[in-house]
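Scroll down for the structure; my scribbles are underneath it.
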Amino acid sequence: MRARLRDGIAASDPGLLRLTAGLRTVGAIALTLAVLSFLDADVTHLVAGAMAAMVATFSIREKQRGQQAVTLALGLPVALTSVTLGALLSSRVVAGDLFFVALIFCAVYGRRFGDRGTTLGLIGFQVYFLSLFVGATVSGLPELYGALLVAILSSGLVRFVLVPETPANILQRLREAFRARLAQLVSAQLELLDAGPDEVEKALEDVRSGTARLNETAMMIQGRLEEGTSDKAAARLVQRRIADAEIAAERLGLLLLTARSAERATTLTLHLPGAPVPAGGHLPVRDEGTATLRRDLEALRMLVLRPVTGGSGTALSHVRNRLLGYRDEENLPPASPAVQDVFRAIGEAARAVLGLRIALDGPQDDSDDSPATARSREELDAEDAAIDAGEDDTGDEEQLTGLQRPTTRAAVQVAVGSSLAIVGGEFLSSQRWYWAVLACWIVFINTASTGEIMVKGYRRLLGTVFGVVAGIVLAGLVGQHTWTAFAVVLLCVFAMFYTAPLSYTLMSFFVTAALGVLYTLLHTYSPSVLVLRVAETALGAACGIVAAAFVLPVRTDRRTNELLVTVLDRLGDVTEAAVDQLSGGPPVDLLDKARDLDQALADLRAATQPLTHPITPLRARRDTARYVVALLETCAYHARSLAATAELLPTHPSIAADPRLRRAGRRIAHNIEAISARVADEHACVEIETGPSIASLLEPDIPGTPRYGRVTDRVLRHVQRLDESVAGLARPLRVPVPAPRR
């Protein structure tokens, strides 16, 4: 039971990043409050210290502890300077407003200097806002200095001593999260096997969700490998085994869907929300082959959750040996060809799990190995020896300058939006106008297009409205009970950080609820104050949207087109390199190219959220965006599979290079380039190539020679599906397709 709970938590919060962020922030605030109360600080300075501790904790973004310490140390003079200027300018309305706008510009512009610039900008802005919130005065600066100092020191103590984190620890937990999510995906696939006609849609949606969550965790591991692993060869080994497990799990789901259908399922079905289930009903629940399949899916899930080690006994070794035996044709149970394909996929998935365990946990006891298991170990050892920790070959990207640079453009936009928010906020309230500025500032954080800003502004307003209701209720309950109120605030802060990556609306809800309690502590609470916060939030969000739409705008179409071109370029790089290597070309770094493709696709998926949002009135446009992203995810799956197969060439006895693959590769590469050119320039005169199937392109030039050489059928299927998926992108992206020849 304890292990199941641990796996559930690991899967829901990969790396425990959200839990750690919440605990660390709450710990810093609690420690600050404890120290300040020991020093007999009044409620105003308790509130100031709590807010400063929160800012100093959540704003740190570096991954290495040494860099975090330097940034936190630099944050103290920035905070002291900011609160000093806030107190000095509090009575000078015009000068204070002008400085606030300049500070906002500098804080956003500082993003171009990396994580440290972003952090210092956040601290400068938030502490100036804090000075406005608590009504800082020149005479009260010494006490505020003390509160800020205690907050910074408390944040450092919690970060480095009480809730310590190292890149290696985070990476280890992310690996466990990958294992837990892989087991959850196998469970979802098992439910798909058992689902009846009325349940299959939900079961398939769970498989889609599980596949996406597994890919998300793989991307998180990729982002932490460099900092969390000192040995580059070990990092590349983990990267390779993660990719193998991800591909094997996705292939298993696809073949399982095909087995329960009367027609072959396409990978698009696993990536397109709402895609119809292939016709054909469901597998017979009492068939012997299906019963064996159900048993082995459960065994695979157990193998993922409970690794075979020296202390595990022989039961799991027997399970492992049986599943790996399905890689040999003679061990396949009697069943239909489609069901036998699923058994083969289970064998490949078991091999991927074995490789993942060896990469993460080191060599394991092999005394109970069957011949099939011993052969799998030999293949994995040979692949491990061939993995080269080469340096990334990345060229210098084009450097943008002036207003073309995203940070400069965003700084100008938020400065204009904040100016509008200040003017409008003063009309609503001469005392709390800064809430409008805060809302304007926040909608620009982590957004890159007008559509993203509109969606974020809508979500913030929605969370604020519901948060006001909660704030009124909480304020009435806690009254003037200071420590009860602070306990409620701590709970809200923890919930805010724990839910932030999941739902921006929920985060805004908890922020507003906590503010209602803080107003009570400062003796400034009334329902009208919280209603005013809704009005100021709506005004600030509107000012941000106006600035984004009319000041150096980045249209959502432009943003998504740029990212779409990047995805297509990355797809072309992976496909060309993989096909070239499968055709006999020199080995290249395919794993990093594949992960670059995944990252570009993740960026595109995030940027299309305004287009795919449920409330969008443009239904046809939403469906097109979803379809294009799903097609690209399908292409990425087949490209990753080709890359993984190409890297097996030096070690796998059943795979050898076939020069004839270059014919197929040329057409795919041309079509990707044509689509990319058309997306970049709608007036480009291009069209895709169509023609014979990939299989016919691989027909031998000399009669009587082997048809496919030693290129496996799986390689051929991936190339064929990739060719079809790339061609399928032409219609929604309005790329001309030549008429078929008669």
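Quick look at the numbers
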{"quantity": "Complete set of residues in the stretch 359-384 that are in contact (Cβ under 8 Å) with a residue 40 or more places away in the chain and within 18 Å of ALA245 (Cβ to Cβ)", "calculated": "ALA359, LEU360, ASP361, GLN364, THR373, SER376, GLU379, GLU383, ASP384"}
{"quantity": "Residue list for the stretch 150-190, restricted to those being out of contact with any helix residue (DSSP H, G or I) (no Cβ under 7 Å at 6 or more places or on another chain) and under 21 Å from GLN126 (Cβ atoms)", "calculated": "LEU153"}
{"quantity": "Filter result (more than 11 Å from ALA475 (Cα to Cα) and aliphatic (A, V, I, L, M)) within the stretch 504-529", "calculated": "LEU506, MET507, VAL511, LEU522, VAL529"}
{"quantity": "Count of the stretch 582-601 residues which are in contact with an Asp or Glu (Cβ under 8 Å, 6 or more places away or on another chain), open to solvent by less than 50 Å² (accessible area, probe 1.4 Å), part of a helix (DSSP H, G or I) and at pLDDT below 90", "calculated": "4"}
{"quantity": "Filtered residue count, the stretch 293-316, keeping only those that are at pLDDT below 85 and in contact with a Ser or Thr (Cβ under 8 Å, 6 or more places away or on another chain)", "calculated": "2"}
{"quantity": "Residues (basic (Lys, Arg) and in contact (Cβ under 8 Å) with a residue 24 or more places away in the chain) located in the stretch 4-45", "calculated": "ARG18, ARG24"}
{"quantity": "In the stretch 83-93, the residues that are surrounded by fewer than 15 Cβ atoms within 10 Å (Cβ to Cβ) and within 36 Å of the chain's Cα centre (by Cα)", "calculated": "none"}
{"quantity": "Residue in the stretch 124-140 that is in contact with a His (Cβ under 9 Å, 6 or more places away or on another chain) and at pLDDT below 90 present", "calculated": "yes"}
{"quantity": "Residues of the stretch 239-273 satisfying the condition of being among the hydroxyl-bearing types (Ser, Thr, Tyr) and either without any contact (Cβ under 8 Å) to a residue 40 or more places away in the chain or open to solvent by less than 40 Å² (accessible area, probe 1.4 Å) (or both)", "calculated": "THR258, SER261, THR267, THR269"}
{"quantity": "In the stretch 556-583, residue farthest from GLN404 (Cα to Cα) [restricted to those that are in contact (Cβ under 8 Å) with a residue 40 or more places away in the chain and among the hydroxyl-bearing types (Ser, Thr, Tyr)]", "calculated": "SER583"}
{"quantity": "Qualifying residue in the stretch 459-467 (condition: closer than 30 Å to LEU17 by Cβ, of a type in the set (Val, Ile, Thr) and either crowded, with 18+ Cβ neighbours inside 10 Å or under 33 Å from the mean Cα position of the chain (by Cα) (or both))", "calculated": "yes"}
{"quantity": "Residue check for LEU631: at pLDDT 80 or above, buried (at least 17 other Cβ atoms within 10 Å of the Cβ) and under 18 Å from the mean Cα position of the chain (by Cα)", "calculated": "no"}
{"quantity": "The stretch 184-238, subset of a type in the set (S, T, N, Q) and open to solvent by 60 Å² or more (accessible area, probe 1.4 Å), residue modelled with the highest pLDDT", "calculated": "GLN184"}
{"quantity": "Single residue of ASP392, ASP384 found to be part of a loop (DSSP other than H, G, I, E, B), modelled with pLDDT under 85 and touching a helix residue (DSSP H, G or I) at 6+ places or on another chain (Cβ under 8 Å)", "calculated": "ASP392"}
{"quantity": "Selection status of ARG112, over 19 Å from ALA439 (Cα atoms), modelled with pLDDT under 90 and in a helix (DSSP H, G or I)", "calculated": "yes"}
{"quantity": "Some residue of the stretch 66-82 being of a type outside the set (S, T, N, Q), under 30 Å from PHE178 (Cβ atoms), buried (at least 21 other Cβ atoms within 10 Å of the Cβ) and in contact with a Lys or Arg (Cβ under 9 Å, 6 or more places away or on another chain)", "calculated": "no"}
{"quantity": "Helices (runs of 4 or more DSSP H) wholly inside the stretch 652-742 that include at least 2 residues being under 22 Å from ASP573 (Cβ atoms) and at pLDDT 75 or above", "calculated": "661-680, 713-728"}
{"quantity": "Close pairs (6 angstrom Cβ cut-off, 6 or more residues apart or separate chains): under 11 Å from PHE125 (Cα atoms) in the stretch 80-105, open to solvent by 40 Å² or more (accessible area, probe 1.4 Å) and assigned to a helix (DSSP H, G or I) anywhere", "calculated": "VAL101/SER419"}
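Rundown of residues vs (1) buried (at least 23 other Cβ atoms within 10 Å of the Cβ); (2) over 24 Å from THR450 (Cβ atoms), yes/no style:
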{"position": "SER508", "(1), (2)": "yes, no"}
{"position": "THR512", "(1), (2)": "yes, yes"}
{"position": "HIS523", "(1), (2)": "no, yes"}
{"position": "VAL531", "(1), (2)": "no, yes"}
{"position": "VAL546", "(1), (2)": "no, no"}
{"position": "PHE550", "(1), (2)": "no, no"}
{"position": "LEU564", "(1), (2)": "yes, no"}
{"position": "LEU571", "(1), (2)": "yes, yes"}
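The values are calculated or read from the model by the stated rules, or taken from the named source; none is laboratory data. Predicted, not measured: the structure shown is a model, and the values here were computed from it. Please note: Cβ atoms are built from the backbone with ideal geometry, for glycine as well, and neighbour counts cover all protein chains shown. Just the protein is used for accessible areas: all its heavy atoms, side chains included, with ligands, DNA and RNA removed. Shrake-Rupley method; radii C 1.70, N 1.55, O 1.52, S 1.80 Å.
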